[in-house]
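Undergrad: Once you've had a glance at the structure underneath, I'll fire off some questions.
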C-alpha cells in the first residue's frame, strides 16, 4: 500500500467520522428527517451531475437497480435517518462508535448466516469487538444514556449491515458514482415522506447550522464517496476497508474537539478494543482474499 493510498484512506476515515459531529449540530437546530432529506437531495443531484460529466450512465443493470433501492432505503433513509433522530438525545461520539461496529456485524453475519470462513485472527477480532462494545455500553448505561436514542442507533447499524450483505457485488459493472447519487435520491424521497408525516419544520437559523449543513452535504456526503471510489480503484475494496478501524477513535476525537464531549477511561479502553477488533477482522479478510 503506497503513501497516496494511506493518505486517501485516512482522509476518508476523517470525513466519515466527522459526519456525526456535524449531524449533532444540525439536529440541535432543525428537524432531523427534513434536514437529512434535503441533504441527500442536494448531494444526490450533485453526484448524478458529476457522474454524467464523467460519462457514466443511469441505465443500470437489474442488480445495480436493486442495490440502489436497497441501499437508498436501508443506508440513507433507515441507518442515517435513525442516527439523525437519535442524536437529538445522545452524543455524537457514542453514535459514531455504534456505527463503526458495522464491519464487525458484517463479519459476524457472514460467518453465522453464510458460513464464511473467518479464521483465527478474524474470530479474535469479533470477540474483541464484542468486548469493546460491552465495555462502552456498561460505562454509558451506568452514566444514564438515553435508551431511546441508543436503540435507534443500534437499529440503524443493523439496517446498514443488512444492506451491505444483501447487495454484495451488485454494484459491479461500472457507474459507481451514478449509483451512489441515485441511492441518495432514493433516500431523500423516503425521508421526505417520513418528514412530511412526522415533523413540523421549525429551524433555529445560525451560522453554525448553515456551516454544518454545507459541510455534511459536500464533505461526508459527496467528497468522502469520491475518495472512497478512488481508494477502492487503487488498492481494492478489501484493503480499503481496513481504514474503518480508525472510525471509532476519530468519531470520538472529533466530537470531543468540536463539541466538547467527554470520554471516560473505560470508554477509551472500549474504543481501543473495538479498533483492534475491526483491524483484526479486516486483516483476516485480506489474508483470505490473497
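The values are calculated or read from the model by the stated rules, or taken from the named source; none is laboratory data. As the structure is a computational prediction, the values presented were derived from the model and not from experiment. When we count neighbours, we look across all protein chains shown, and the Cβ atoms used for this are built from the backbone with ideal geometry, even at glycine.
Undergrad: Restrict the check to the range 94-109 and report whether at least one residue is in contact with a helix residue (DSSP H, G or I) (Cβ under 8 Å, 6 or more places away or on another chain), in a loop (DSSP other than H, G, I, E, B), touching a residue at least 60 places away in the same chain (Cβ under 8 Å) and surrounded by fewer than 23 Cβ atoms within 10 Å (Cβ to Cβ).
TA: No, because not a single residue in the range 94-109 is in contact with a helix residue (DSSP H, G or I) (Cβ under 8 Å, 6 or more places away or on another chain), in a loop (DSSP other than H, G, I, E, B), touching a residue at least 60 places away in the same chain (Cβ under 8 Å) and surrounded by fewer than 23 Cβ atoms within 10 Å (Cβ to Cβ).
Undergrad: Give the range 126-147 a look and list any residue that's in a helix (DSSP H, G or I) and more than 16 Å from residue 98 (Cα to Cα), or say none.
TA: Within the range 126-147, 142 is the sole residue that qualifies.
Undergrad: When you scan the range 1-55, how many residues do you find that are buried (at least 20 other Cβ atoms within 10 Å of the Cβ), at pLDDT below 95 and outside any helix (DSSP H, G or I)?
TA: 0
Undergrad: Could you list all residues from the range 115-133 that are surrounded by fewer than 21 Cβ atoms within 10 Å (Cβ to Cβ) and under 15 Å from residue 95 (Cα atoms)?
TA: 133 - this is the single residue of the range 115-133 that is surrounded by fewer than 21 Cβ atoms within 10 Å (Cβ to Cβ) and under 15 Å from residue 95 (Cα atoms).
Undergrad: Checking residue 189 against (1) within 19 Å of residue 78 (Cβ to Cβ); (2) in contact with a helix residue (DSSP H, G or I) (Cβ under 6 Å, 6 or more places away or on another chain), which test does it fail?
TA: (2)
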